[in-house]
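The values are calculated or read from the model by the stated rules, or taken from the named source; none is laboratory data. Predicted model only: the values in this text are computed from it and were never measured. Cβ: placed from backbone, ideal geometry, glycine included. Neighbour counts: every protein chain shown. Heads up: the accessible areas ignore ligands, DNA and RNA and are worked out on the full protein's heavy atoms, side chains in. Shrake-Rupley method; radii C 1.70, N 1.55, O 1.52, S 1.80 Å.
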Amino acid sequence: MAISNRTVFMPPVLTLIGIPGLESVQGWIGIPFCAMYLVAMIGNSLLLIIIKSERSLHEPMYIFLGMLGVTDIALATTIVPKMLGIFWFHVLEIYFESCLLQMWLIHTFQCIESGILLAMALDRYVAICYPLRHAAIFTHQLVTQIGAVVTLRAAILVAPCLVLIKCRFQFYLTTVVSHSYCEHMAIVKLAAENVHINKIYGLFVAFTVAGFDLTFITLSYAHIFITVFHLPQKEARLKAFNTCIPHICVFLQLYLLAFFSFFTHRFGSHVPPYIHILLSSFYLLVPPFLNPLVYGAKTKQIRIHVLKLLCS
């Protein structure tokens, strides 16, 4: 492939321009993003404090919820501070290696979040379908091992995206990234060389993680609903449904946003770029923002301890 004289060789610095087409109102757009970030940080921190301090919440479901809270805090912190720096202080430049690190962290935390939701679905499946065996199956050791496997799976699957960019590309068409954060395809599109392998591997990771997790989450809740509908007592059915509702709400909002963002990005050629970027930003920030609110409102044990903490 011929390389133009206008290309840049191994740029040390990239420029993130934020939201193309909305530069004049980015200062105002930063306000809801900042509010969502603060709510995510406070809400998830509060959940972690309650889960850690209350011995009655040292159960698999709440430990997984704690893992989800840590992931949400890490994901939001990876994105929002730099984004607000672009919107409010016009700090547009980012070192190339720092951009790759941000890209790897963002996609790794996304995969971890999906894996934790799968673990929570399996936990609810065993708790409702096999209640007498739940304590024997979901031991603290197994919960720790699941957390480690989910983290390793995400880190190992996403790492080649970083390596392929760093090792395959030397010449870039531009150093300007038309995005508010370092996203995989936004960086790949800068390259002046053949990007098919990078695109294919990016799709492979997305479909592998989402396809595997989504399949088993759906099967778990399908079995749960079948079991619940066969329970003889109405109170038992309601109690089982109430323990699943927060998980289903979180699962639906994450995957609906993910698929909407993905298909708009891949097939919405007539959609303005700022719509793509706003959708992808909300896809990353809405789950950390909503998760503590959903679990705080829908989970009785957490709601009681939140009220206790606030009253004291």
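Taking label points 7 Å from Cα along the Cα-to-Cβ direction, THR7 and ARG133 give a separation of 5.8 nm.
In segment 111-210, a dipole from Cβ-located charges (positive for Lys and Arg, negative for Asp and Glu) runs towards its positive end, and of GLN170, LEU117, THR139 it is GLN170 whose Cα lies farthest in that direction. About its Cα centre, the chain has a charge dipole of approximately 600 debye under the convention of +1 per Lys or Arg Cβ and -1 per Asp or Glu Cβ, with nothing else charged.
Could the peptides 40-52, 149-161 be put in order, highest first, of the mean number of other beta-carbon atoms found within 10 Å of their residues? Let's see the in-between values first.
On the way: 40-52: 18.9, 149-161: 17.4.
Listed from highest to lowest mean packing, they are 40-52, 149-161.
Counting only alpha carbon atoms, the long axis of helix 140-168 and the longest principal axis of the chain meet at about 10°. Backbone phi angles across segment 193-199, fed through the Karplus curve with coefficients 6.51, -1.76 and 1.60 (θ = phi - 60°), yield HN-Hα couplings of 10, 5, 10, 4, 4, 5, 5 Hz in residue order; Gly and Pro are listed as x.
Its Cα gyration tensor gives segment 183-300 an equivalent ellipsoid; the semi-axes, largest first and in whole Å, are 37, 17, 11. A Gaussian network model of the chain, with springs between Cα atoms under 10 Å, assigns the largest mean-square fluctuation among LEU164, LEU118, LEU214 to LEU164.
By average Cβ neighbour count within 10 Å, what is the ranking of 183-191, 84-92 from highest down?
183-191, 84-92
Residues of the chain: accessible area per residue at 1.4 Å, in Å²? List each step's numbers first, then the result.
Working: 15830 Å² over 312 residues.
That works out to 51 Å² per residue.
For segment 1-103, the C-alpha radius of gyration sits at 1.50 times the compact-globule guess of 2.2 N^0.38 Å, with N the residue count.
Note on the chain: the C-alpha convex hull projects to 18.3 nm² when averaged across all orientations. Spacing of the modelled spin labels on ILE17 and HIS140, each 7 Å from Cα toward Cβ, amounts to 5.4 nm. Exposure check, 1.4 Å probe, all protein chains in place: GLU59 carries approximately 90 Å² of accessible surface.
Among 61-68, 233-240, what's the highest-first ranking by average C-beta atoms within 10 angstrom per residue? List each step's numbers first, then the result.
Numbers: 61-68: 22.5, 233-240: 12.0.
Ranking, from highest mean packing down: 61-68, 233-240.
With +1 assigned to the C-beta of every Lys and Arg and -1 to the C-beta of every Asp and Glu, and no other charges, what is the dipole magnitude of segment 80-212 about the Cα centre in debye, to the nearest 20?
That gives segment 80-212 a dipole magnitude of about 240 debye.
Element breakdown for segment 26-102 at a 1.4 angstrom probe: carbon and sulfur atoms account for 73% of the accessible area. For VAL177, the residues 5 or more places off, or on other chains, whose built amide H falls under 5 Å of its own are THR15, LEU16, ILE17.
Of LYS166/LYS199; LYS239/LYS298; LYS234/LYS308; LYS52/LYS82, which pairs sit farther than 19 Å apart, going by alpha carbon to alpha carbon? Working shown, then result.
Working: LYS166/LYS199 15 Å; LYS239/LYS298 12 Å; LYS234/LYS308 30 Å; LYS52/LYS82 30 Å.
With Cα atoms farther than 19 Å apart: LYS234/LYS308; LYS52/LYS82.
Note on CYS34 and HIS230: with the Förster distance fixed at 41 Å, the Cβ-Cβ geometry gives a FRET efficiency of about 0.30.
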